[in-house]
1. For region 1-64, report the translational diffusion coefficient in µm²/s to the nearest whole number, using Stokes-Einstein at 25 °C, 0.890 mPa s, and a Kirkwood Rh over Cα pairs.
2. Run lengths n ≥ 4 of DSSP H only: what is the helix-derived mean residue ellipticity at 222 nm for the chain, with -39500 (n - 2.57) per run over all residues, to the nearest 500?
3. Given q = 0.13, 0.17, 0.21, 0.24 Å⁻¹, what are the Debye log10 I(q)/I(0) values for region 35-107, with equal point scatterers placed on the Cα positions and solvent ignored?
4. Using a probe of 1.4 angstrom, how much of the accessible area of region 8-130 is carbon and sulfur, in percent?
5. Apply the a/c threshold of 1.5 to the C-alpha gyration tensor of region 82-169 and tell me whether it is rounded, prolate or oblate.
6. Please compute the per residue accessible area over the chain with all protein chains in place, 1.4 Å probe, rounded to a whole number of Å².
7. Given Cα positions, please report Rg to Rh for the chain, the hydrodynamic radius being the Kirkwood one.
Amino acid sequence: MTETGRRERKKAATRQALADAALGLFLERGYDAVGVREIAEAADVSTATLFKHFPDGKEALVFDQDTDREAALVAAVRERPAGQSIPQALRRLLCDERSRQVREDPRFAGFRRLVDTTPALHEYFRRMWVRHEKALSAAIAADSALPESDPGCQALAHFALEAVTLVHGRDDAEAALDRIFALLDTGWAGMTKESVRHGDRT
């Protein structure tokens, strides 16, 4: 492994340790009762290191996968294999190891309660969700030669992102995701055919 590779792995490990320490403390004591110094100590790093990895502060620690997730959503649309529909590509993304870990994490329900009951986190999550939805919708529209304001693109982005929440806690989560995305795939195929018929797509 190259020196650059080692540094990147170390940075990723430190970032993950900080995020895990923060979430554990927040779930145990509440968001407002925990300071950044305590989080840094729990992860065995300095506060300067914490802010180097999370310059936006405590809220960003809860949503440590924000940037990577947005990039993955857009890449799933843009880089999907020929012949694979957009809903199928998004379903495949949710099959990856990281997505399964999030869905099956026993802390997920507590995480959602924490976000819903903490105003600062709720607002951060709302802004993040809107940004992800807009980025995904724009990628779908660009790929489909449709305007960014197209409601079908916006709806597909919205419900694809909502799917994980809908299936959390179900014993048949994977089968439930298959049903959701089969519905989205059928609806998307029908909508794009209608767009072609009316000359909205090239």
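The values are calculated or read from the model by the stated rules, or taken from the named source; none is laboratory data. None of the values given here were measured: they were computed from a predicted structure. The protein model used for the area step is the full one, side chains on, heavy atoms only, and it has no ligands, DNA or RNA in it. Shrake-Rupley method; radii C 1.70, N 1.55, O 1.52, S 1.80 Å.
1. It diffuses with D of about 206 µm²/s by this estimate.
2. Working: 11 runs with 153 residues, N = 202.
That comes out to -24500 deg cm²/dmol.
3. -0.56, -0.77, -0.93, -1.04
4. Carbon and sulfur: 51 percent of the exposed surface of region 8-130.
5. Oblate shape, in that a/c is at least 1.5 and b/c is the bigger or equal ratio.
6. Values: 11630 Å² over 202 residues.
For the chain, the per-residue accessible area is 58 Å².
7. Numbers: Rg = 19.2 Å, Rh = 18.7 Å.
We get a ratio of 1.02 for the chain.
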